Every structure is written in structure tokens, then in C-alpha cells.
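The structure appears right after this line, and notes come after that.
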Amino acid sequence: MNVTPYRIILCDGTACINSGARALATALREQLERHGLTEQVTIGLSGCLGMCDKGPILVVNPGYTIYGRVTEKDIPEIVQEHLVKGQPIARLAIQEDHLYNRFFRVFGDAKFFGKQMRITLRNCGIIDPENIDDYLSLRGYEALAKAVGEMTPEQVVAEVEKSGLRGRGGAGFPTGRKWKLTAAEKATPKYVICNADEGDPGAFMDRSAIEGDPHTVVEGMAIGAYAIGASQGFIYIRAEYPLAIRRIRRAIDDARAHGLLGQNILGSNFSFDIEIRLGAGAFVCGEETALIHSVEGARGMPRPRPPYPAVAGLYGQPTVINNVETWANIPVIILDGANWFRTVGTETSKGTKVFALAGKVVNTGLIEVPMGTTLREIIYDVGGGIPSGKCFKSVQTGGPSGGCLPEQYLDTPIDYESLVKAGSIMGSGGMIVIDEDSCMVDVARFFLEFTQDESCGKCTPCREGTKRMLEILTRITDGKGQPGDIEKLERLGGMIRKSSLCGLGQSAPNPVLSTIKNFRPEYEEHIHEKKCRAKVCKSLLHYEIIEKCVGCGACRRVCPVGAITGAAKSRHTIDQDKCVRCGLCFNTCKFEAIAKA
Amino acid sequence: MDTKKITITINDKQYKVDAGQTIMQAADTCGYRIPRLCYHPKLSVEGACRVCIVQVEGMKSFVASCCYPVADGMKIYTNTKEIRQARRDIVELLVDNHPEDCHTCERDGNCELQRLVYSMGIRHRHFTGARKHYEKDLSGASVIRDPDKCILCGRCVRMCSEIQGVHCLGQAYRGFNTVVMPAYNMPFAESVCSCCGQCINVCPTAAFVEKNHTQELFEKLNDRSVVKVAQFAPSVRAAIGEAFGLPVGRNMEGQLVAALRRLGFDYVFDTQFSADLTIMEEGSELLERLQSGGPLPLITSCSSAWMKYMEQFYPEFIENISTCKSPMSMASALFKTYWAEKMKLDPKKLLSVAVMCCTAKKYEAARPELEVQGLRATDIVVTTREAAWMIKSAGIDFVNIRPEKFDTPLGLSSGAGTIFGVTGGVMEAAIRTAYELYTGETLIDIEVNDIRGLKGVKEGRVVMDGQELRVAVAHGLGNAHQLMEMVRADRNRFQFIEIMGCPGGCIGGGGQPYATANSIPLDEECLKCRAQALYDLDRSKTIRRSHDNPDVQRLYREFLGRPLSEKSHELLHTHYHAKTPRGIVSPNLKVV
Amino acid sequence: MPTPLELIRKKRAEAVGRIIGKGYLSTKRVYVGMATCEIAAGSKDVMDVFQKAVSRGLTDVYLSQKGCAGRCNLEPTVEVIEAGKSPVKYGRVDRERAQQIIDRHLKNGEIIQEWVID
């Protein structure tokens, strides 16, 4: 029998499970066996597909046929008619014209994409980002047309407010409320700003989003501007992102040429345009007031709030600042509706979140999952687990402002409140998986080194305090830690967290405080036993030559300081006083005769 | 301002306060003085030092009281164990990155950081570590910058840009390495710094100090082979008492004359005499320009900081600037000519020293165009602060000393010369004389209230013989900038303009005594008291118009001839030149 | 006067027309990942191989670029979409693999399983 190698996707979201999706899987397998199709047809599970009201959902690819309200009784028919005969069943097929989740239409890669749900990244990796036709053909700018043509600004604000969308930059302020506050301000002109000053080490969500689908951001901003009464927008993007800059610039030019930016957009009374501002890469410029200063041409330093930018932002005027991911959600909310958007996610956190998954995980990458997905699902299902058979140790979310969570928090669902409760933050989307080979004190030191270096220098706690914390951490990892150092870190960290001027300082101690909370024994070992269990801290480890040594002399020849001695064909020894712990001998030895201790 | 009353609770006690204020302002009215550092009422709120943090019930972070507004029912705690420790630690962090050289520091005993450390009760240091280090900038003629002592409160930066409009200072680099410096890390000498010294006034530590000339002066005072002549500016007498713990606004003229003699000066003259002389010259210049049609407006040139600022930012108005030298430079020119001749002294063997409320006068004194017969006219300028220190250092009992009189003939002055030290004073003095020169009649109501007071830009009108003279006054370079923009927009709006570089005029000069423990730098009440001391002195005099000063009249008779004579021009007038330090776009630059 | 929605629908129809005009309905569509990360991993070389093949007469292929699909550790990625068949995505493509994808998959319909991201 010549059967198309179909791939079937079963929605494994909560709603579909409740309406019997898992029983479908069993029935499906039985039927495939009966028809001898187990080789040709594969079954994949997906996270919530966002069609909960029509579940359980079963998708047949190629062809992207979506079957809704499928029961066990329907399975034999689907297999017989569709899979065997190639005749899709019209009775069961549903037409869903959502903007999201185009991935199943074009991708096979269901293991990786299975638990994902793509709302903001819906076009990334699908369309040619430099061709506005690609975007237009996928209902691009239709949300803008709907907003300016069929909705009042108040209705747009209300829709966004109803959607439950919260700022994706990290703090999670309700976007609709921010817009409402700004819309209520009398002063004109008003501004909208897109914060594309992505600065977390290892994070690339914004860059990828803009590079993959720049028009979504443009469209989102135009809708926001219409909603609050702005006619000028700015995209603040770091100069280190030349390709993203080129593509967003091209997108703005193309949109302008199509009458989607500029005067009287789509024949309406609404006029709006966007300018690009390049940031020089200071981390603090991601903080909204610092970003505003930078756009104004001043030194990028935060200022105290209130007044908030909604009241007095760019040039002292009412301003809405949202980050790339937040803006990218807007067209979907307008077109698919707040009611649909609210079905995705958890009670307090609606929609999806993009993460840059990195570190000791098999599938590093850019992912987007519904809120409420657990850390375990992200790391093991999407990420494919820890490579090389190593043990999971910790996951770091929120970048340098976040915290390190140990294994007992793996079932924490991704939402703003749960992550804070667990001792970390959502942040803008950095997620770094750490395995047993990492030293948590060293990890904390790494992040603090970053924030210490990126502190703008304005407020005392952040400028001076992070420096002192870093000095203490450095001496701990250097094996010079003193009793009381942990308490000093906690005292300084607590003060900095509560006293700093802006979010950078307030969150700078988080990596340290969370590792002390969750991995205190590691700190204590460093200080009291001068021991680094992960064997990362150079000063705390030494190399020894064990009995496996055959006396080949390779280590002796490679040692830069002449610390290794020994006669040919007899076991060598390392002079610990001379050894500088460079690790060259360890890497050179072919007989695993050199051990870290 | 919203004057609705609301109820707040501070440390469990209820208070009714005005709505619309910050927590700090409200607490100030309730008898709390929350510790503070970067806050200054005249400057924008920085919220940087975090010393003024308080706890507000329901908020998870501490709140900087300088910038957070009060709300009805707000519960505020200023002294809990937690907040006291956090505040203490913040101040310790400042000290940990500050040199430990209090004993040898110029601000020892008058340092806000020192006072804070004391009141926080920091008896041990927990967090000592590395300290930042940058070289001192010794290049400036007036102001020395020592970044090691800077605690980055940012008051100087805000003063320099917001009040003075110079924008010379800014923060550079990041984090722990942050440092306040002129653009491109230029030395002061090559920067747009106007030398006004207001950064010194607002600096809590010794990160900014004046270029110190006290050692050099002590040395010269011991040189028996020269004749030592001193002059001091009007505002010095109104403020120097503060440096000795006396109440603000006490006139110490006689005591200062006596003290300077005890320091070793042979003659002590009054800059107010040459202020009168300035009025004669400048008043005549005004009349001449009014009659010949320009160039108008005529703009005063007494303030050295304003002159440098003008040369840099408003060179197109150089023709409008009065050619008169400042009173200090006029006096010094006369010391080395008229008076030296009279006393049969070799001007090369004459040391001319000026005690000034001003740091920019150090810069002015070094201007080559002010040389007289190849000699520097003013050899040394010391500020009020430096003079006070010298008097203390020399063991002179300034507070109890018996007042003495100035030497003659360059020591007698009218009340008009006295009020030079206050914003509007030069204008008022000029009107007193110009009116009479123009109309031939004596002005009866000589106190011109329109142009008194601390409003930034003041406008006034004087009717002389049916002719209206439109005048304007600005003090502080930021206000000067505003006024000059008005002039740029309408050149005919004013005919005569007085500009003083410092807030309040010379009484708020960059060389005046530091604020004491319980006051703030450039406190408005303090400025008003100093001004009042000068106005009182004016009223106490029988001669209140410059042209009535008999010694000025004699000077013209014996030496100068008449105002604007050739001799006057040679000795009392000068010219200014456009300056374009780096960072200033030359007006000739074409933007492509 | 058409409404904004009518206008945008017209624009969409025009856009679809233009895309089809460029050969979108060709039997095979090839997308090369061209985000910064992909370019850093070498996708410009890959694109170059495909472009040269098209210019040398490879027909029935619609070649386009796309943004990041999130598969960082497998970049550069190349995706081949054929009507009626499941899409095939190749990972860690270099010049050599690109040439083989052209020769074996695009010309001969062979899916090179060992490079497929599954």
C-alpha cells in the first residue's frame, strides 16, 4: 500500500485531555496497528493549540487538516478514509483562521515544537522577513485595519486590557492598564516606544523576533499608537543588531510605501510613523526611564518614578513603552480577540512567553510556550533534557536579574507570580540550564560581575554595593572566603534589593541571594572547607597524578611551569607549590591518569 | 500647587500635611529632618544617593523620600531598625569608596559626608575594598576637581546644567568607575567651564575646591621688599562672618579691614570705590550709546563668569558688552598707576591682592588683556573662604577685633557701590547716576524695587525726561541664557542689561563660605540675609550715588579727566574675544 | 471610499498574486534560515549554493529566506516544502550538504534522513 507518511498531532492541552484526548491516542494506535500503518504514520503530542472550545483536537499533516470534537468512535473512520484513502472527512474538519500556530502546517519537528505555542513568533522561520508581501499574505496588517476601521481607540484599549496581556519585558505590568493610563492623559503629543534593547547575557528573543518578523512589531506599535492617541513611535534597538536594524528599517520603509505608516493610514484619519534609535549597548538602557533619556540624547540613566512614563515620558510627554514581545502580541489579540487570548495561559498570566533556552540542555533554542507550562516540560520535553548523561542542578531564569532554582522547583509553572514565589523572576526570557559541572558560587559571581559592570553608577546601593558583593564573591571563589561572608552578602544584597533606584539595582543581588538560599552548602564548603564540589573554582582544586600513569611524559612536557617531574615509564608527580592549575596536563593525558581534586 | 490637606502617619504619629508634596517635604513640616545627600531644593530631584530612604507600609522596597509623593493615609517609618541599618550601610558604602584623609582634607570639619557618617553612627567598617582612583584636574584657573573625593551625588552636574546652563560637567563611564568630568575628559582649562565655582558651593565633599592661593599669598605677605595692597568685594563683608560661626547677614567690613592689616597688608582699599568708578564709566557709556544709537542693549561686564560664558556661547553680542573692566580690575589698574604715582612707588614692587566672593576672578586676573603697563594688574585673588582660613590660620581674632577704616583715597565708596554685590545692584546704581547725568535732576526715589529680589529674570522701566529706559536683570548663568535668548529674539526689547553669573549675584558667589551644618548651600534665606546686609549698608550711608563720591570726583580731576577719556580707556576699559573651547560648535560651522 | 479592512484585503490579494508570480506554486519551496545566528553558523554560504543552482537552471524551485525558527543548536537550517508532503527540515547544513540536498532531494526526490530534524 502506498500511503503518505502522515504525521498526526494530538493536542495534549489540559482542556483536550479533559475531553478525552488521551483515549484518542490509544484508539489511534490500535487502528494504525490494525491497518499496518505504524511505520508510515507517526503520532506527536502538542501543547495547547488554543482551540479548547472545539477539543479534543487532532491535526493531520501534510494538508493541515484539523479535526475538532473528535471522539474514539471517529478514529476508525479517520484512519480508513483519510490515512488510507487520502480523503479528509469534511464532517469532522474545522476551519480555524487563527494567526498563531502556523508551525504545524509547515514543520515536522514536533518533538521540539510539540509543547510550544507560537503567538508572537508565529511568522518567525516561516516568512521572508524582508518581503512585506509574505507578511501581508498571512493577514498582515489586518489587525491594524480592523482597529482603525472598526474600533474606537477606547475599544482597542479595552480589548487589550481584557486579554490580560502583561508586559513581556519582565515586570509583567498589565499592558492594557498602561495603555489606559496613557490614553487618559490630556497632554499631546504622545509617544509609543518599542524597547528592543535586549541586554541579558545569552538572550536573543527580541533580535530573533525582529529578524524573523519585523512587521508584527510595526503593526503592534501602530495599533498601540492608535489606541493611546500617539502619532510618533520610536524603536530603541541596540546597534549590535545590524541585521535586525536593517530588517526593521526595511519593514518601516515598506509599510510606509504601502500606506500602512505615515499620513492617513489605510484611508483613515489616523497618522503614525516610526523612527529608529540605536542604543550603544548599555544594559541599563533597557530600563524604561533610562531608555527615554537615551532616546532624548542624554546619558542613559534611570530616574525615580513616579511620574511614570504614562504621565511624563519621552520629552516629558505621555509615553507607552513596551518591549518587542509585548508589541508582537497585539495584532493577534486584535484579530483573534481577547476572549481567545484569555484561554491561553494561567489565571494571572495570559498568553505565551518566549524564552531563549540555553546552557546544558540538548535543544538550545528560541522557544515559545503557553504560560503555565512547567520548567520541567520546557527543559525535558522541549529542551530534550540534559546532555551527556549529567545531572540537572539548577535553572536560571530572568537573566542577571533572576534567580537560580534547584530541582524541587522544576514543576513550577511559568507565570509571573509562581516564578517570584519560587525565588526567581520571569524576566525578559533568558533561561539557562545548569548541570552538576557548574559551581553555583561561580554562577552567582558571573551574573553579579555582569550587573556590577553594567550599573549606571547613579545610585549608591547599586554602584558601590554590587562592587563590594562582587569582591566578597571573588574572594570566596579564590579560596579566601571568611566566616561571615555569607551574612555580609545577605545583608548587602537585602539592602541593595530594597534601596536601589531602578530595577537593575533592585534585582542585581537576586542571583546571589537565590543561590545562597538554594545552594548554601556550596558556599559553606568554599569558605570553610576550601572546596568547590563542581571543580570549577581554580584556586580550590588541585591536580593529582594517579596510579593509571604510565610515565609517558606528555604532561611533563606540556606543563608551562615545570611542576611535573618523574622518570620515563614511572608514575609522575605534580609539585603543588609550582602548579598554576592551568589544566593543560589534564587535557593532555591520554590515560585519564590526572585527576581533579 | 494642590493645597488639599491629607493625613499621614510618621512613626505611628498622625500629621495633617499638604497634598502634592514629597514624603521628605511633608516630613520637614512635621519636625523630621530625614537624612539626605543628593537632594537640593533648587535642583531637580536625582534620587541617587538613597540616603533619604524610608519605609512605607505596604511597599516591599524602601522609598526615597525625596521623590516619592505622600498620599492620604500613608504610613511612613523613618527610624526602624531595618531602615537605620540600610541607611547606615549606604553611607558606609560611600565612605568605603572615599579617601581616608579627613585630617588633611580642605573640607575637614565642614564636610557633609563627614557629618552623615557621624550621625549614622558608623563606628566600624564592614565592606571595605577597592577604591576608585582618577587623577586630579589641576588645570583650571579657578576650580580644582578631585574625582577621588567625589561621592557622585550629582549636585554639581545639576547645578552646572540646570542653574548655570553651562553643561560643562557630566557623569562619564559606568558603575563603580563613574566619574564626573567635562566632556571628552577635557581638562577644565580647555573646557567650557565658566569658572563660576557653583560646583564648589554645592559639593558635599572636597571633590571641587577653588585653586588655592593662600600659601603663595602668605609667602608674599612676608616679603618686606614689596608694598602689599588689598581690596575686597562688597559681598565678602556680608558673608565672611559665617565662616567664623556668626549669624548670616552680618556686615564685617571694619573687622575685615583690620584683619587684613594684621595679615600683613600695608593698605586696604575697597572694591566698592572702583564700583562707583565703574558706574561713572558704564553710565557714560550707556548715555553715549543711547545718544549715538548703539550698539544696544548695553550689557554689563562686571561678572567674570558671565564674561567667559558670553565669549563662548554669545560671541555675537561682544559689541553689546560694556567695555568697562570689572571693579576689581579697575581698582588694580589704579593701584599700579594712579596710586603708585601718587605714593612714588615702583609698580613692580607693589603686590595687588583681591579678596573676592568669586572663583572666576582668579581666571579674570590672569587674562593677558587686563595687564597694565606690562604688569599683571591683580597679582593674587583669594576667595572669601580662603581669606577666612588665612585669618584663622594666622591666629587673628576676627570676631572680636576692633573694626578699622579703609585707607584713602581708594577706600571711600557710595551706597551705590555697595549694592553691586546683589543681583540688580549694578543696574540700580547705574540708574541712580544715569538718571542724573541724563536729566540733570537728582533721582529722589533711588531704590528700584522692580529689579531687586531673587526672581531669575527681572524687567524694569525708568522714565528719564520722558524717555523710557527699558532694563533687564538676570542672575545665574541659566537665567542669563534665558534673557539672552529674549534679546536674540528681539534686539530692541531692552536697552540696558545687568547680568551676574551667580545665583543672587556676588553674594552667592562661588567663593563664599560653605553652608554650615544646619543649612544648605545657596539657601534662599541665606542669600536674602546677605543681600539685606548690603542694602542696610547702602541705607546707612549719606552718599548713595556713585557720582557723589568725592574721591571718585577727585580721581577724575587729578588723573583721568572725565569718564571715557583716553586715560580711562587705557586703564579702565578692555575688549572681549570669542572663545571656542572643544564641545562648542563654532557659529561658522556649516551643518551639511 | 473603501474601508481599511477592504483596503487591506485588496493589498493581501495583490501580495499573494506577487508571491505566486515569483513562483510560489512551484513544486518545491526551499527556505534558508537567515537570522544573525544562522548567518553566524554559515547560512550565507548555504544560500549562495542554492542561489547559484537556481541561476544555473535548477527549475521548479521557489527559493526564499526566513527568520529564526529557534533551532539554535542545529543551525543553519534549510527547509524543503513540497505540496502534499510533510515538510522536511535539514539541520547543520553547510555548502557540501546544500549541494547534496540539491542533487538528491530537489532533483531526485530523495529525503536525506540522516540530516533531517525530526
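The values are calculated or read from the model by the stated rules, or taken from the named source; none is laboratory data. Keep in mind that what you see is a predicted model, and the values were worked out from it rather than measured. Methodologically, a virtual Cβ is constructed for each residue, glycine included, from the backbone with ideal geometry; neighbour enumeration extends over all protein chains shown.
Structure data summary
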| read-out | value |
| --- | --- |
| Single condition A:Lys393 does not satisfy, out of (1) within 20 Å of A:Val160 (Cβ to Cβ); (2) assigned to a strand (DSSP E or B); (3) more than 14 Å from chain C (Cβ to nearest Cβ); (4) of a type in the set (Lys, Arg) | (1) |
| The listed residue being touching a Phe, Trp or Tyr at 6+ places or on another chain (Cβ under 7 Å), crowded, with 23+ Cβ neighbours inside 10 Å and in a helix (DSSP H, G or I), out of B:Ile279, B:Ile200 | B:Ile200 |
| Residues of segment C:56-77 satisfying the condition of being within 14 Å of another protein chain (Cβ to nearest Cβ) and not in a loop (DSSP other than H, G, I, E, B) | C:Tyr62, C:Leu63, C:Ser64, C:Gln65, C:Lys66, C:Cys72, C:Asn73, C:Leu74 |
| Close pairs (8 angstrom Cβ cut-off, 6 or more residues apart or separate chains): free of Cβ contacts under 8 Å to residues at least 60 places away in the same chain and closer than 18 Å to A:Lys360 by Cα in segment A:401-418, assigned to a helix (DSSP H, G or I) and charged (D, E, K, R) anywhere | A:Leu410/A:Arg376 |
| Matching residues in segment A:427-462 - criterion: being assigned to a loop (DSSP other than H, G, I, E, B) and either under 30 Å from B:Val51 (Cα atoms) or within 14 Å of chain B (Cβ to nearest Cβ) (or both) | A:Gly427, A:Ser455, A:Cys456, A:Gly457, A:Lys458, A:Cys459 |
| Neighbours by Cβ (under 6 Å, 6+ apart or cross-chain): first from segment B:450-477, surrounded by 16 or more Cβ atoms within 10 Å (Cβ to Cβ); second of a type in the set (Phe, Trp, Tyr) | B:Met464/B:Tyr435; B:Met464/B:Tyr438; B:Arg470/B:Phe494; B:Val471/B:Phe496; B:Ala472/B:Phe494; B:Leu477/B:Tyr309 |
| Pairs with Cβ under 9 Å, 6+ apart, first in segment A:302-315 and of a type in the set (Ser, Thr, Tyr), second part of a loop (DSSP other than H, G, I, E, B) | A:Tyr315/A:Pro189 |
| Members of segment B:166-180 that are away from chain A (no Cβ under 12 Å) and either among the aromatic types (Phe, Trp, Tyr) or surrounded by fewer than 24 Cβ atoms within 10 Å (Cβ to Cβ) (or both) | none |
| Any hit, segment A:334-355, residues being under 14 Å from the mean Cα position of the chain (by Cα) and surrounded by fewer than 24 Cβ atoms within 10 Å (Cβ to Cβ) | no |
| Residue tally, condition away from chain A (no Cβ under 11 Å), in contact (Cβ under 8 Å) with a residue 24 or more places away in the chain and among the β-branched types (Val, Ile, Thr), over segment C:1-55 | 4 |
| Breaking point among (1) in contact with a Cys (Cβ under 8 Å, 6 or more places away or on another chain); (2) more than 9 Å from every other protein chain (Cβ to nearest Cβ), for A:Leu489 | (1) |
| Members of segment A:14-24 found to be part of a helix (DSSP H, G or I), surrounded by fewer than 19 Cβ atoms within 10 Å (Cβ to Cβ) and over 31 Å from the mean Cα position of the chain (by Cα), listed by number | A:Ala23 |
| Filter result (in a helix (DSSP H, G or I), surrounded by fewer than 24 Cβ atoms within 10 Å (Cβ to Cβ) and touching a Phe, Trp or Tyr at 6+ places or on another chain (Cβ under 9 Å)) within segment B:261-274 | B:Arg261, B:Leu263 |
| Hits in segment A:266-280 - residues which are in a helix (DSSP H, G or I) and touching a residue at least 40 places away in the same chain (Cβ under 8 Å) | A:Leu266 |
| In segment C:79-110, the residues that are within 14 Å of another protein chain (Cβ to nearest Cβ) and farther than 16 Å from C:Val61 by Cα | C:Ser86, C:Tyr90, C:Gly91, C:Arg92 |
| Odd one out for A:Gly233 among (1) in contact with a His (Cβ under 9 Å, 6 or more places away or on another chain); (2) at pLDDT 95 or above | (1) |
| Per-region count, segment B:334-369, residues in a helix (DSSP H, G or I) and surrounded by fewer than 18 Cβ atoms within 10 Å (Cβ to Cβ) | 7 |
| Test: residue in segment C:89-108 that is modelled with pLDDT under 85, out of contact with any strand residue (DSSP E or B) (no Cβ under 8 Å at 6 or more places or on another chain) and farther than 15 Å from C:Val54 by Cα | no |
| Some residue of segment B:295-309 being more than 25 Å from B:Gly165 (Cα to Cα), of a type outside the set (Ser, Thr, Tyr) and out of contact with any Cys (no Cβ under 6 Å at 6 or more places or on another chain) | yes |
| Selection count where residues are among the acidic types (Asp, Glu), out of contact with any Gly (no Cβ under 7 Å at 6 or more places or on another chain) and farther than 17 Å from B:Phe208 by Cβ, scope segment B:83-108 | 3 |
| Number of the condition not met by A:Gly313 [criteria: (1) within 29 Å of B:Cys168 (Cβ to Cβ); (2) surrounded by fewer than 24 Cβ atoms within 10 Å (Cβ to Cβ); (3) at pLDDT 95 or above] | (2) |
| Per-region count, segment A:156-196, residues free of Cβ contacts under 8 Å to residues at least 60 places away in the same chain and closer than 25 Å to A:Gly316 by Cβ | 8 |
| Given (1) closer than 24 Å to A:Arg256 by Cα; (2) among the hydrophobic types (A, V, I, L, M, F, W, C); (3) under 21 Å from the mean Cα position of the chain (by Cα), index of the condition A:Val148 fails | (3) |
| Matching entry among A:Ala251, A:Ala257, A:Ala298 (being among the hydrophobic types (A, V, I, L, M, F, W, C) and crowded, with 24+ Cβ neighbours inside 10 Å) | A:Ala251 |
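Okay, residues lined up against (1) without any contact (Cβ under 8 Å) to a residue 12 or more places away in the chain; (2) surrounded by 12 or more Cβ atoms within 10 Å (Cβ to Cβ); (3) within 37 Å of the chain's Cα centre (by Cα):
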residue: A:His526; (1), (2), (3): no, yes, yes
residue: A:Cys549; (1), (2), (3): no, yes, no
residue: A:Arg556; (1), (2), (3): no, yes, no
residue: A:Gly566; (1), (2), (3): no, yes, no
residue: A:Thr573; (1), (2), (3): no, yes, no
residue: A:Val580; (1), (2), (3): no, no, no
residue: A:Phe586; (1), (2), (3): no, yes, yes
residue: A:Lys590; (1), (2), (3): no, no, no
residue: A:Ala593; (1), (2), (3): no, yes, no
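Residue by residue, here is whether (1) of a type in the set (Asp, Glu); (2) in a loop (DSSP other than H, G, I, E, B) holds:
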position: B:Ile520; (1), (2): no, yes
position: B:Cys526; (1), (2): no, no
position: B:Ala531; (1), (2): no, no
position: B:Asp538; (1), (2): yes, no
position: B:His547; (1), (2): no, no
position: B:Gln553; (1), (2): no, no
position: B:Glu558; (1), (2): yes, no
position: B:Leu564; (1), (2): no, yes
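The rows are residues; the columns are (1) of a type in the set (Ser, Thr, Tyr); (2) surrounded by fewer than 22 Cβ atoms within 10 Å (Cβ to Cβ); (3) at pLDDT 95 or above.
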| residue | (1), (2), (3) |
| --- | --- |
| B:Ile391 | no, no, yes |
| B:Ala430 | no, no, no |
| B:Leu443 | no, yes, no |
| B:Glu447 | no, yes, no |
